[in-house]
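Q: One structure, pasted below without further comment.
The values are calculated or read from the model by the stated rules, or taken from the named source; none is laboratory data. Since the structure is predicted, the reported quantities are computational estimates derived from the model, not experimental observations. Here the Cβ positions follow ideal geometry from the backbone for every residue, glycine too, while neighbour counts run over all protein chains shown. What goes into the accessible areas is simple: the full protein's heavy atoms, side chains included, and nothing from ligands, DNA or RNA. Shrake-Rupley method; radii C 1.70, N 1.55, O 1.52, S 1.80 Å.
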Amino acid sequence: MTQLGITSWATYLPRYRLDRGAVSKAFSMNSGKGSRTVASFDEDASTMAVEAARRTSGTPVDTVMFSTTHPPLLDKGSAATIAAVLDLPSQITAVDLGGSARSTIGCLKAAFALATPTMLLASDMRFGRPGSDDEINGSDGAAAFTFGADPLVSLVAMESVSSPVMDRWRSEGDAGSQVWDDRWTADQQVPLMLAVVERVVKTAGIAATDIASVVVSASSSKVAAQVLGKLGGGNEANVEPFGYYGAADVGIKLARVLSRASANQHILVVSGADGADAMVLRTSATFSTAAGSVDDGSGGLAVSVIDYLAWRGLVHREPPRRPDPEIPAAPAVSRSDDWKFAFTGTQCGACGARHLPPQRICMSCGTLDKMEPVLMQHERGEVRTYTIDRIAFSPSPPVVVAVIDFESGGRFRCQLADVNPDEVQVGLKVEMVYRLISVAQSGIRNYFWKARPLQSLSKGE
Amino acid sequence: MTMRNTTTQIAIVGMGCTKFGDHWDKSADDLLIEAVTSAVDSSKGLTLDDVDAFWLGTTVSGISGLVLSRPLKLKNKPVTRVENMCATGSDALRNACYAVASGACDVAMAVGVEKLKDSNMQGLVVPGAPTDGTTADMTAPAMFSLLVPAYMAKYGVSRDEIRHVMSHIASKNHGNGALNPRAHFQRAVSVDTITQAPKIAGDLNVFDCSGISDGSAAAIICRAEDAHKYTDSPLYIRALALSAGSDTGASDPNYDYTTFPEVAACAENAYAQAGVKDPSTEISMAEVHDCFTPTELVLMEDLGFSQRGEGWKDVLAGKFDLGGQLPVNPDGGLKSFGHPIGASGLRMMFEMWLQFRGEAGDRQVKNPKLGLTHNLGGQPGGVVSFVSIVGNEPR
């Protein structure tokens, strides 16, 4: 049996940016420089995982692992939904793994160990009480890896140490995490990380000088900086422009290193969470960066501090005097699940007219029940007409709704995501993205597809 | 498709209409009693007992015929509740007419009512069936604002020009409403004031939207041959047409958001019934469904009052002003008379009733020959549309 390994990788960074200077001003404190990425009001760990997954090569898998510290739902997983959105066969194992940033390390270990192809999705949102370290130095994003035969990246060795260090904690229902004094954390964490590095290099049977690139991931920037310094860092891939991505951090940083790597190189990955883990990876002789798609985070849109707080539910606006958002009825969803999740419409077998949503009788020729499914999530379209609805309820008004005509045929009317209302015009080119439509008071999250001005998905193609 | 005129001619012999507005002090029952009583009083020698059957139009103010029989204390008369979105009032009238035409009854009443102001909600709230949650939720102004960019792009109209057209329509309807003691908003508003108001959805501002109001209206219907038993000035129904679209506009790339195809089809049918060849010269006045100003613009073309792409120029030329060639919404329309959903179609007919009897006061249209009412429900891409043609002579 040949060992499986990484066959493709991709990352997704949400489009919005929170300026640390604006946070400093809002809370009269020093929050440092630069900006962090912010998931839009209609994104969460699940939708960001979908975005990253859609940028991978799309090789068949029989296991999907979804790792996050901010699962959109508890008790019910998100992985099965993500798999349906990705139009993967239903006969797969789709599982959620979470609880801590270390879950992603566990997924990596498992994916390398499994005998069958796997997709690993690591996605996270970092936020906390206004002015907290997680708010200022955290960032939102997702990474995706596919594992299969003929890998471009293989696992050479892995070493771990588990420790009950209480560096951070969050109870169910808490808005964000709290942390212990990070000088104490650094004194505990740094030696653990350095010790596993020493062990893994030995196990791998290589010299420290054989290592071409290093990935260091730790929630405390102090810990990460100290480890990098000891390992003779200065590796520019570790100069993270936005912040710490939680469960997605090791994935986003590894993907960035892979997209600069060459054939036959050793890469050291070291992570500090609930102890420490270190891996030595090796790129294959046939390694090519073409298998990756890394979001460089360019083209961000600024979000104000107050909007950011409202999006995370840390500020509550007066709601309009309108009914609670419509909830998707579970039986209605299950009757149309190809449409609801994968954005699969139908095409008339008699005349070719496309129907979004699916219909039984063709609107064009009247033929009954001669429809064939047609997957529309990858189709590009353009705006035929649009409106900016300033009175509809939204966590981030105004709502922009457009009528989208697809280049390959078919029409759908939906909200526009990640859009500056001033940039919308008839003829604007768009692509489809999976987003949150609403969250009802009951907690039911209604997800569906929106259109976004053509941008990042095309980067990976 | 066969859809023809009734073989028996129909007349309206009594009508009543409340003032529309914020009736904090009146219930739906109060409004119904007021409209029904004044309809009965407007005919001669007719009592409520003479009415054989009732059609009640309401969208959200109650369910079943009991909404009418309860306040009126009707004893075992047939009462049917009608709902067809914003065309509800017109469809109640249409069904009452067909009942009389069929010979099943001699005198029928159509009543419309809506009590919207008790809800503590902004805008209209219409409960719907559970769904899979995949249809984009939009407010009504947003839905109809989709007409504006599409019309501009198709006909090369600039944003300033379309704004001026919309403001002209709103100003005209506010001006007409200022002459109407039953209107919700009885105040003239200048084009400049309208143009400068902040936007609420697309290019629409608050002056581009119809009022949300409480109100009720009622009509008494009988065979044309019996009309003079009940009034000296009957209003004769010359055509009744209704079309429900297949609601595919939001998924059909062939739909271009500059027209309501259902309205054009419905108007064509009504004109055929009434023998109208050129509506722009043969129709003396029209009450149309101006839920939003771009709706009225597009309707001018769909109803054949303007050539395609020319409606905006006709609006600016004053063709549809009160003193123009074809006055549209002389009573102020939905814009200033207000829009209690179930009552609106019958309110339109009430203006025809007044105008053809010469009772429209300062907004009286001189010597009308044929009048048209147009009522629609839904949104661009999927509507139900109603058109009637009426006059003071039978066919």
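Q: Long-range amide H contacts for A:D140: which residues qualify at under 5 Å (H placed 1.01 Å from N, peptide plane, sequence gap of 5 or more or a different chain)?
A: The answer is A:T37, A:V38, A:A39, A:R126.
Q: Can you work out the PRE-style zone for B:D362? Point 7 Å along Cα to Cβ, and I want the residues of segment B:22-60 with backbone N under 12 Å.
A: Label zone hits: none.
Q: Roughly speaking, what is the stretch gain from B:D22 to B:S280, that is 0.36 nm per residue apart minus the C-alpha to C-alpha distance, in nm to one decimal?
A: The span from B:D22 to B:S280 would gain 89.3 nm if fully extended.
Q: Provide a whole-number value for the mean count of partner chain Cβ atoms within 10 Å of the Cβ atoms in peptide A:375-388.
A: 4
Q: Can you give the accessible area buried between chains B and A, summed over both chains, with a 1.4 Å probe, in Å² to the nearest 100?
A: The contact between A and B buries close to 3100 Å².
Q: So, one more: Using only the alpha-carbon atoms, how far is helix A:102-113 inclined from the longest principal axis of chain A? Give it as 0 to 90 degrees, nearest 10.
A: Its long axis makes an angle of about 90 degrees.
Q: First check a/c for segment A:162-317, with a ≥ b ≥ c the square roots of the eigenvalues of its C-alpha gyration tensor; if it is under 1.5, answer rounded, and if not, answer prolate when a/b is larger than b/c or oblate otherwise.
A: oblate
Q: Accessible area per residue for the protein assembly as shown in Å², computed with a 1.4 Å probe and the full protein assembly in place, what is it?
A: That works out to 39 Å² per residue.
Q: Then there is this: I need the phi-derived Karplus couplings for segment A:298-312: 6.51 cos²θ - 1.76 cosθ + 1.60, θ = phi - 60°, integer Hz, Gly and Pro marked x.
A: Working through the residues one at a time gives 6, x, x, 10, 6, 10, 6, 4, 5, 5, 4, 5, 5, 4, 8 Hz.
Q: Ignoring any ligand, DNA or RNA, what whole percent of the accessible area of chain B comes from carbon and sulfur when the probe is 1.4 angstrom?
A: Of all accessible area on chain B, carbon and sulfur atoms account for 50 percent.
Q: Which whole-Hz ³J(HN,Hα) couplings does segment B:327-338 yield from phi under the Karplus relation 6.51 cos²θ - 1.76 cosθ + 1.60, θ = phi - 60°, glycine and proline marked x?
A: x, 10, 6, x, 8, x, x, 4, 3, 10, 6, x
Q: Under a GNM of chain B (C-alpha, springs under 10 Å), which listed residue has the highest mean-square fluctuation: B:S190, B:S38, B:S119?
A: The residue with the greatest mean-square fluctuation here is B:S119.
Q: Distance between the C-alpha centers of segment B:72-105 and segment B:159-237? Whole Å please.
A: Centre-to-centre (Cα) distance: 25 Å.
Q: Segment B:288-344 to segment A:306-379: how many Å between their Cα centroids?
A: Centre-to-centre distance over Cα atoms comes out at 35 Å.
Q: Between B:A272 and A:D296, what FRET efficiency comes out of the Förster formula 1/(1 + (r/R0)^6) with R0 = 56 Å and r the beta carbon distance, rounded to 0.05?
A: Result of the calculation: an efficiency of 0.30.
Q: Continuing with the same structure: Pop a pseudo-label 7 angstrom from the Cα along the beta-carbon direction at both B:R187 and A:D62 and give the gap in nm to one decimal.
A: In this crude spin-label approximation the distance works out to 7.3 nm.
Q: Shielding of A:394-400 by partners, i.e. mean partner chain Cβ atoms within 10 Å per residue?
A: Working: counts 1, 0, 0, 0, 5, 6, 2.
Shielding by partners across A:394-400 averages 2.
Q: Pick from B:A170, B:A53, B:A217 the residue whose mean-square fluctuation is largest in a GNM of chain B, springs joining Cα atoms under 10 Å.
A: Answer for the Gaussian network model of chain B: B:A53.
Q: Which percent, to the nearest 5, of DSSP beta bridges fully inside the protein assembly as shown are antiparallel?
A: The antiparallel proportion sits near 75 percent.
Q: What is the helix-to-structure angle for A:45-54, meaning the angle in degrees between its Cα long axis and the longest Cα principal axis of chain A, kept from 0 to 90 and rounded to the nearest 10?
A: So the helix axis and the longest Cα principal axis differ by about 90 degrees.
Q: For B:A104 and B:D232, FRET efficiency with R0 = 35 Å and r from the beta-carbon atoms, rounded to 0.05?
A: Details: r = 27 Å, r/R0 = 0.77.
It comes out at approximately 0.85.
Q: Compute the length gained on full extension between A:D75 and A:A332: take 0.36 nm times their separation in residues and subtract their Cα-Cα distance, giving the result in nm to one decimal.
A: Stretched fully, the A:D75-A:A332 segment lengthens by 90.3 nm.
Q: Take every DSSP beta bridge whose two residues both sit in chain B, then give the antiparallel share in percent to the nearest 5.
A: 75
Q: Could you tell me which residue out of B:F144, B:V100, B:M348 lies farthest along the dipole of the protein assembly as shown toward its positive end? Charges go on the beta carbon: Lys and Arg +1, Asp and Glu -1, centred on the Cα centre.
A: With unit charges placed on the Cβ atoms, the residue in question is B:F144.
Q: List the residues of segment A:401-427 that lose 40 Å² or more of accessible area once all protein chains are present, compared with their chain alone (1.4 Å probe, heavy atoms only, no ligands or nucleic acids).
A: Buried on complex formation: A:R411, A:R413.
Q: Starting from the Cα gyration tensor of segment B:69-171, take the square roots of the eigenvalues, sort them a ≥ b ≥ c, and report rounded, prolate or oblate (rounded when a/c is under 1.5, otherwise prolate if a/b is larger than b/c, else oblate).
A: prolate
Q: Which residue fluctuates the most in chain B, going by a Gaussian network model with Cα springs under 10 Å, if the choices are B:L66, B:L303, B:L116?
A: Among B:L66, B:L303, B:L116, the largest GNM mean-square fluctuation belongs to B:L66.
Q: A further question on this structure: Could you look at segment A:200-298 and say what percent of its accessible area is carbon and sulfur, using a 1.4 Å probe and all protein chains?
A: 49
Q: I'd like the Karplus ³J(HN,Hα) series for segment B:176-181: coefficients 6.51, -1.76, 1.60, θ = phi - 60°, whole numbers in Hz, and an x wherever there's a Gly or Pro.
A: Working through the residues one at a time gives 5, x, 5, 9, 10, x Hz.
Q: Same structure again: Any idea what the relative contact order of chain A is, in percent, if you count C-alpha pairs under 8 Å spaced at least 6 apart?
A: Across chain A, relative contact order equals 17 percent.
Q: Starting from the Cα gyration tensor of segment A:226-362, take the square roots of the eigenvalues, sort them a ≥ b ≥ c, and report rounded, prolate or oblate (rounded when a/c is under 1.5, otherwise prolate if a/b is larger than b/c, else oblate).
A: In terms of gyration-tensor shape, oblate.
Q: Over segment A:1-111, with every protein chain in place, what whole percent of the accessible area is carbon and sulfur at 1.4 Å, could you tell me?
A: Heavy-atom surface of segment A:1-111 belonging to carbon and sulfur, 1.4 Å probe: 55 percent.
Q: Okay, moving on. Any chance you could give the angle, 0 to 90 degrees and rounded to 10, that helix B:261-274 forms with the longest Cα principal axis of chain B?
A: 40
Q: Calculated FRET efficiency, A:T209 and A:A440, Cβ-Cβ r, R0 56 Å, to nearest 0.05? The partial results should precede the final answer.
A: Values: r = 57 Å, r/R0 = 1.03.
With a Förster radius of 56 Å, E is 0.45.
Q: Would you grab the residues whose amide H sits under 5 Å from the one on A:V156? Only those 5+ places off in sequence or on another chain, please, with H modelled 1.01 Å from N.
A: Hits under the 5 Å cutoff: A:V280, A:L281, A:R282.
Q: May I ask for the Kirkwood hydrodynamic radius of segment B:1-159, worked out over all distinct Cα pairs and given in angstroms to one decimal?
A: Final number for the Kirkwood radius of segment B:1-159 is 18.3 Å.
Q: Another one. Can you give the mean number of other chain Cβ atoms that lie within 10 Å of the Cβ atoms in peptide A:314-324?
A: 2
Q: To the nearest Å, what is the center-to-center distance of segment A:174-253 and segment B:10-45, using C-alpha atoms only?
A: Centre-to-centre distance over Cα atoms comes out at 79 Å.
Q: By residue number, which cysteines of the protein assembly as shown lack any other Cys whose Cβ falls under 4.7 Å from their Cβ?
A: A:C107, A:C414, B:C17, B:C86, B:C97, B:C105, B:C209, B:C222, B:C266, B:C291 - these cysteines have no disulfide-compatible partner (Cβ-Cβ under 4.7 Å) in the protein assembly as shown.
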